[in-house]
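What follows is calculated from the coordinates using simple rules that are stated; it is not laboratory data. Note that this is a predicted model, so its numbers are computed, not measured. Using ideal geometry, Cβ is built from the backbone for each residue, glycine included, and neighbour counts are taken over all protein chains shown.
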């Protein structure tokens, strides 16, 4: 069963992300998306102690593709200037990542992942509120 999931994820990446194979572009001040993704992945690996090597391999692939897709989409959407469209596309990318991660993790492991994601969302909301207050 795990082998089938692994092959499905690999096939999905090969077909879905071939357009994004250029890799990340230039550094951003403060780390940008690559630092956010690195922190999330590190938190997952620290809190879910019973990850198998196959799960780690799949998660590494998911996070790598998520980073590339996120950066490419952000670049594309910055030029469009449509903030609502950007928000919708970014949420779709995150939802896709969450779905892939859910396929890799057990139910118990995914609950931990969800708690990590929720704390990330709360931090982001708090940071946005602070920026609004500063203006």
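Measuring from a point 7 Å past the Cα of residue 115 along Cα-to-C-beta, which residues in region 32-57 have an amide N at less than 17 Å? It comes to 40-51, nothing else.
Note on residue 47 and residue 35: their simple-model spin labels are 2.1 nm apart, each label 7 Å out from Cα toward Cβ.
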